[in-house]
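Enquirer: Please find one structure pasted underneath; my questions will follow.
What follows draws every value from the coordinates through simple rules; no lab data is involved. Just so you know, these numbers come straight off a predicted model, no measurement behind them. In this analysis, Cβ positions are derived from the backbone assuming ideal geometry, glycine residues included, and neighbour counts consider all displayed protein chains.
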Number of protein chains: 2
Amino acid sequence: MVLIMKTVDDLKSPNISFISVTQMLSLIQTYSAGMLIEGIAEHIKEDFIRWDDFDKSPRFAAHSQEGVIELMPTGNSDKFSFKYVNGHPKNTKVGLQTVTAFGVLSDVASGYPLMLSEMTILTALRTAATSALVAEYLAPKNSSILAMIGCGAQSEFQILAFKHILGITHVKLYDIDPSAMTKCADNLKNYDINIELCSNAHEVVCGAHIITTCTADKKNATILTSDMVSDGVHINAIGGDCPGKTELEDKLLERATVFVEYEPQTRIEGDIQQLTSTSPVIEMHHVIRGTKAGRTNDNQLTIFDGVGFAIEDYSALRYMYNLVKNTNQFQQIELVASPENPRNLFGLLDSSNINHADCKGVA
Amino acid sequence: MVLIMKTVDDLKSPNISFISVTQMLSLIQTYSAGMLIEGIAEHIKEDFIRWDDFDKSPRFAAHSQEGVIELMPTGNSDKFSFKYVNGHPKNTKVGLQTVTAFGVLSDVASGYPLMLSEMTILTALRTAATSALVAEYLAPKNSSILAMIGCGAQSEFQILAFKHILGITHVKLYDIDPSAMTKCADNLKNYDINIELCSNAHEVVCGAHIITTCTADKKNATILTSDMVSDGVHINAIGGDCPGKTELEDKLLERATVFVEYEPQTRIEGDIQQLTSTSPVIEMHHVIRGTKAGRTNDNQLTIFDGVGFAIEDYSALRYMYNLVKNTNQFQQIELVASPENPRNLFGLLDSSNINHADCKGVA
């Protein structure tokens with residue numbers, strides 16, 4: 001569980017580890033998505049337990065007419081990480097993704113970057129890992145039926161996480177776009193999960209122990225109203241994640257015990273942006289550390305108002321860094337100038353130091 | 001001067017442009033450091049002229065015992081950029097650099113990253129370009145003698161910029177470490193500049209038209225006192241660049257007309273952190289746009305309190321992006337997952353989509 005240390009000599013190399021999209025897919029093939037999600041969930045748990053050691057700030061967001069570009073930095077005394085992530089709901093109209101991401105893990109003592117990774121896929125894995133980790137503390141005992149509202153890019157990862165970590169055996173799907181449901185069902189046909197397609201939101205929540213809402217419209221929508229949801233259920237609400245974008249009726253939030261990652265960020269971005277700034281919420285790290293209660297009885301309605309927090313990305317990058325170091329399943333890119341005499345950067349310009357080698361791929 | 005547009009089809013490729021350290025050195029070999037500095041200076045000038053179009057914020061800084069890791073984001077309606085940069089003065093003791101950096105240029109409309117570049121070398125080029133661009137407006141007419149205090153990693157780049165953009169012919173060097181001076185002189189021996197080594201700060205400033213201070217200690221130091229400097233000189237003070245790190249005596253600042261990049265950041269990081277928060281300063285974009293005066297007479301003492309601002313990095317990345325697009329002198333890295341159906345990210349996990357190709361180097 002401890003990070004493999006890079007020596008100063010390692011840092012003197014101009015190369016840092018790089019996990020490309022292809023490499024990430026290959027790692028998933030090698031280890032399975034379920035195993036990676038479990039590993040990331042363990043690392044998130046470790047980092048939530050040492051929550052107080054981290055520098056925490058709301059993300060930096062550059063809003064434009066079409067969407068938002070965000071930087072999500074965090075770190076402790078050992079490592080620093082940041083993720084670059086965009087959110088552009090109209091991208092899909094031209095065949096581009098709503099969300100893409102990449103991230104970097106760095107060494108705090110030297111300030112040197114250690115690893116660059118694609119994070120479009122890794123974010124899907126870590127979001128699923130977070131949802132399932134949280135549900136371990138909040139979902140009703142022996143939950144077996146999951147309702148999945150919204151069958152977009154995140155949906156299959158969410159379902160696999162709940163299967164692997166919670167033991168979910170039955171999944172009900174609903175999306176306003178029927179082709180999204182069939183896409184999701186088709187993708188999971190070899191994963192030993194019973195899948196049922198539903199024709200509306202009332203039908204999909206009926207009998208579910210856990211309800212996940214994961215829709216993408218950048219607007220205040222009401223995917224779930226209070227009258228649709230019985231007591232005793234756990235709602236994993238992860239689609240409300242920026243100002244002006246929510247999924248749950250305010251009455252539903254008021255009825256429930258609401259759990260969040262980092263309150264200052266969730267007040268701005270989460271479903272609780274609909275409530276007053278003093279509405280009661282519980283940060284999940286307290287529950288994981290045992291200093292506050294999670295679910296206390298079978299009739300309690302719990303909501304995880306998940307928006308995604310930088311520490312989860314730190315955990316995911318930390319996990320991947322350890323994983324690939326042990327396996328050599330990474331490339332290297334030459335990102336850091338490495339003059340022999342650090343005060344002689346200009347000396348690198350001497351032609352004898354320049355080789356015109358291409359990018360150095362490693363296994 | 002207009003950015004080459006990427007089409008949506010280009011964005012659908014998982015590859016983004018990558019300028020490695022080797023590639024940056026190779027570009028300098030092809031075009032010369034002087035030409036790249038001039039090109040970057042032109043782009044900084046263009047972007048300072050459209051200053052009001054940019055989102056501006058002080059940089060994000062994560063301080064640790066050993067140093068600082070910073071993210072410097074900015075953008076306008078067209079492009080977004082950020083730079084990752086560290087500052088760790090003790091790194092040189094173990095053979096690592098004080099400052100390393102890399103950066104990304106992105107497309108605002110889609111949120112997709114376009115280019116990743118090393119910026120350890122590029123930052124040296126853009127810092128030199130900024131200093132010389134500013135001096136075009138502030139240095140005495142027909143300046144020919146430059147005093148360079150501090151002969152570290154930045155010094156040669158600074159000197160080349162002043163030669164190419166200001167026409168400096170004679171450079172006096174001083175550093176408390178004599179080997180740094182000989183390193184600098186040796187690196188520039190083929191660049192047609194008269195170089196003179198000095199044995200103290202009084203000697204180096206004598207007769208100079210422009211004085212550059214570029215020292216690296218992370219502390220409040222007094223490299224130049226007021227009595228050492230005559231009227232009519234321009235001081236390019238670029239070594240004071242974080243809280244607690246300054247180079248100039250306060251009396252010297254009070255005597256001069258002080259110019260800055262972005263006042264809110266320089267109040268925190270620049271030499272003017274020693275003065276009250278209402279001490280008069282002029283932002284350089286006003287001078288470049290002609291809405292405020294630069295140097296107004298031959299006896300004026302001018303100081304550029306340069307700390308480095310995100311727009312300069314944006315300009316440098318924009319310049320490099322255009323340059324490499326025209327020349328094919330870049331690599332590609334596969335950073336952005338690119339599913340055929342953007343809602344079917346999970347579909348990428350299908351083994352038939354995974355090829356185990358190594359990093360794809362281009363030219």
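Enquirer: Per-residue HN-Hα couplings for the stretch B:78-89, Karplus 6.51 cos²θ - 1.76 cosθ + 1.60 at θ = phi - 60°, whole Hz, x for Gly and Pro?
Expert: Per-residue couplings from phi come out as 9, 10, 10, 9, 9, 10, 9, 8, 10, x, 9, x Hz.
Enquirer: Taking Cα atoms, how many degrees apart are the long axis of helix B:120-138 and the longest axis of chain B, rounded to 10 and kept between 0 and 90?
Expert: Here the helix axis deviates by roughly 50 degrees.
Enquirer: Which one, B:V108, B:S57, B:V68, is farthest towards the positive end of the dipole of chain B when Lys and Arg carry +1 and Asp and Glu -1 on their Cβ?
Expert: So the residue furthest toward the plus end is B:V108.
Enquirer: What is the angle, in °, between the Cα long axis of helix A:33-49 and the longest principal axis of the Cα atoms in chain A? Nearest 10 is fine, range 0 to 90.
Expert: Taking Cα atoms only, the helix is inclined about 90 degrees.
Enquirer: Shifting gears a bit: Please report the antiparallel percentage of the DSSP beta bridges confined to the protein assembly as shown, to the nearest 5.
Expert: 50 percent
Enquirer: Taking the Cα atoms of the stretch A:106-222, report the difference between the largest and smallest coordinate on each principal axis, in whole Å and largest first.
Expert: Computed over the Cα atoms, the extents are 55, 32, 32 Å.
Enquirer: Oh, and also: Too long at a 22 Å Cα-Cα cut-off: which of A:K79/B:K12; B:K45/B:K83; B:K56/B:K83; B:K90/B:K219; A:K90/A:K245?
Expert: A:K79/B:K12
Enquirer: Compute a Gaussian network model of chain A, connecting alpha carbons closer than 10 Å, and tell me which residue from A:K93, A:K163, A:K219 fluctuates the most.
Expert: A:K93
Enquirer: I would also like to ask the following. Treating only the Cβ atoms of Lys and Arg (+1) and Asp and Glu (-1) as charged, compute the dipole magnitude of the stretch A:44-115 about its Cα centre; round to the nearest 20 debye.
Expert: Dipole size: approximately 380 debye.
Enquirer: Give the long-range amide H neighbours of B:K292: residues separated by 5 or more places, or on another chain, with amide H under 5 Å away, using H modelled in the peptide plane at 1.01 Å from N.
Expert: Close amide H contacts, sequence-distant or interchain: B:V287.
Enquirer: Then there's this: Out of A:G270, A:G347, A:G67, any idea which swings most in a Gaussian network model of chain A, alpha carbons joined below 10 Å?
Expert: Most flexible of the set in this elastic network: A:G347.
Enquirer: Quick one: compute the contact order of the stretch B:131-309, relative version, from alpha carbon pairs under 8 angstrom and 6+ residues apart, as a percent. List each step's numbers first, then the result.
Expert: Values: 381 pairs, mean separation 41.5, N = 179.
Once normalised by length, the contact order is 23 percent.
Enquirer: How high is the relative contact order of chain A, given as a whole-number percent (alpha carbon pairs under 8 Å, six or more residues apart)?
Expert: Averaging sequence separation for qualifying contacts and normalising by length gives 20 percent for chain A.
Enquirer: For A:F18, what residues show an amide H to amide H distance below 5 Å, using hydrogens built from the backbone and excluding near sequence neighbours?
Expert: A:L116, A:Q331, A:Q332, A:I333
Enquirer: What's the FRET efficiency of A:T169 with A:Q65 using the Cβ-Cβ distance as r and R₀ = 35 Å, to the nearest 0.05?
Expert: 0.20
Enquirer: Moving on. For B:324-336, what's the mean count of beta carbons from other chains sitting within 10 Å of each residue's beta carbon? Present the calculation step by step, with values, prior to reporting the outcome.
Expert: Values: counts 0, 0, 0, 0, 0, 1, 0, 4, 1, 9, 9, 13, 10.
The mean count of partner-chain Cβ atoms within 10 Å per residue comes to 4.
Enquirer: In Å, the Kirkwood hydrodynamic radius of the protein assembly as shown over pairs of distinct alpha carbons?
Expert: Evaluated over the protein assembly as shown, this radius sits at 27.0 Å.
Enquirer: Here is a further query. So what is the calculated 222 nm ellipticity per residue for the protein assembly as shown, using -39500 (n - 2.57) for each DSSP H run with n of 4 or more, over all residues, to the nearest 500 deg cm²/dmol?
Expert: Helix-only estimate at 222 nm: -9000 deg cm²/dmol.
Enquirer: Can you give me the C-alpha center-to-center distance between the stretch B:146-182 and the stretch B:212-231, rounded to a whole angstrom?
Expert: 15 Å
Enquirer: How tilted is helix A:178-187 with respect to the longest principal axis of chain A? Cα atoms for both, answer in degrees (0 to 90, nearest 10).
Expert: 60 degrees
Enquirer: Please state the charge dipole magnitude for chain A, taken about the Cα centre, from unit charges on C-beta atoms (+1 on K and R, -1 on D and E), reported in debye and rounded to the nearest 20.
Expert: It works out to roughly 220 debye.
Enquirer: If you take every DSSP beta bridge fully contained in chain A, what fraction is antiparallel? Give it as a percent rounded to 5.
Expert: Antiparallel: roughly 50 percent of the beta bridges in chain A.
Enquirer: Just tell me how shielded B:60-71 is by partners: mean number of partner chain Cβ atoms within 10 Å of each residue's Cβ, no decimals.
Expert: Per-residue shielding by partner chains comes out at 5.
Enquirer: Would you mind pulling out the separation of the Cα centroids of the stretch B:245-276 and the stretch B:300-355, in Å?
Expert: If you average the Cα positions of each part, the centres end up 34 Å apart.
Enquirer: Return the aspartates and glutamates within reach of A:K141: Cα separation strictly under 13 angstrom, same-chain partners fewer than 8 residues apart disregarded; answer none if there are no such residues.
Expert: A:D298
Enquirer: Taking each residue of A:10-18 in turn, how many C-beta atoms of other protein chains fall within 10 Å of its C-beta, and what is the average?
Expert: 3
Enquirer: With r as the distance between the Cβ atoms of A:T225 and A:I49 and R0 = 41 Å, compute the FRET efficiency 1/(1 + (r/R0)^6) and round to 0.05.
Expert: The value I calculate is 0.70.
Enquirer: While we're looking at this one, here's another question. Using +1 at the C-beta of Lys and Arg and -1 at the C-beta of Asp and Glu, which of B:I19, B:L275, B:T327 has the Cα lying farthest in the positive direction of the dipole of chain B?
Expert: B:T327
Enquirer: Here is a further query. Starting from 0 in steps of 10 Å, tell me what percent of the Cα-Cα pairs of chain B lands in each bin.
Expert: For chain B, the binned pair fractions read 5, 24, 32, 23, 10, 4, 1, 0 percent.
Enquirer: Could you give the size of the charge dipole of the protein assembly as shown about its Cα centre, using +1 on the Cβ of each K and R and -1 on the Cβ of each D and E, expressed in debye and rounded to the nearest 20?
Expert: 340 debye
Enquirer: If you take the Cα Rg of the stretch A:133-308 and divide it by 2.2 N^0.38 Å, with N the number of residues, what do you get?
Expert: Numbers: Rg = 15.1 Å, N = 176, 2.2 N^0.38 = 15.7 Å.
After normalising by residue count via 2.2 N^0.38 Å, the value is 0.96.
Enquirer: With both bridge residues required to lie in the stretch A:133-308, what share of the DSSP beta bridges run antiparallel, to the nearest 5%?
Expert: Beta bridges within the stretch A:133-308, antiparallel portion: roughly 5 percent.
Enquirer: Then there is this: Defining the label point at 7 Å along Cα→Cβ, can you sort the distances from B:T276 to the same site in each other copy, shortest first, in nm?
Expert: 4.3
Enquirer: Using a label point 7 Å beyond Cα on the Cα-Cβ vector, give me the inter-copy distances for A:D10 in nanometres, one decimal, shortest first.
Expert: Distances to the matching label points in the other copies: 3.7 nm.
Enquirer: Would you pull out the residues with amide H under 5 Å of A:T246's amide H, same chain only if 5 or more places away, H placed 1.01 Å from N?
Expert: Those qualifying (amide H under 5 Å, at least 5 residues apart or on another chain) are A:K219, A:N220, A:A221.
Enquirer: Oh, and also: Ordered by packing density, taken as the mean number of other Cβ atoms within 10 Å over each peptide's residues, highest first, how do A:101-112, A:45-56 rank?
Expert: The most tightly packed comes first, giving A:101-112, A:45-56.
Enquirer: Okay, moving on. Step through the residues of the stretch B:54-69 one at a time and calculate ³J(HN,Hα) from phi using the Karplus curve (6.51 cos²θ - 1.76 cosθ + 1.60, θ = phi - 60°), rounding each to whole Hz and writing x for Gly and Pro.
Expert: 9, 6, 10, 8, x, 5, 7, 10, 10, 8, 10, 4, 8, x, 9, 10
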